[in-house]
């Protein structure tokens, strides 16, 4: 009887531990981004999201722009065209497939992708 209770206790501890590890992993890598602004293309097919992400105690905040087909769920990383330590100044859809982004020049801008899907992205850095 003691062996059965010990086995059940160990199983409960194991399940609880797996649940905690899974929750921490999901929060770290797949947490919902904090969306600051959204910009929908004139034809409504694409949405540009400006969002912030907290990298934790060692890296601080970063600002991202992702372009997704409207209605698709935004997660960290998907559709990402821009990453910087300074938020962008302005975004504007010039037409259905061209997004214009103004930002401040920063040595910590780590991504500026000029095309994703069939969308062309134009950047202008301000001094």
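The values are calculated or read from the model by the stated rules, or taken from the named source; none is laboratory data. Keep in mind the model is a prediction, meaning the values are calculated, not measured. With ideal geometry, Cβ positions are generated from the backbone for all residues, glycine too; neighbour counts draw on all protein chains shown.
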Return yes when residue 26 is at pLDDT below 85 and either outside any helix (DSSP H, G or I) or exposed (fewer than 12 other Cβ atoms within 10 Å of the Cβ) (or both) and no when it is not. yes
Restricting to the range 95-116, name every residue that is more than 15 Å from residue 62 (Cα to Cα) and surrounded by 12 or more Cβ atoms within 10 Å (Cβ to Cβ). 96, 97, 98, 99, 100, 101, 102, 113, 116
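Looking at residue 121, is it in the same structural domain as residue 54 (by TED's automatic domain parsing), surrounded by fewer than 13 Cβ atoms within 10 Å (Cβ to Cβ) and in contact (Cβ under 8 Å) with a residue 24 or more places away in the chain?
No.
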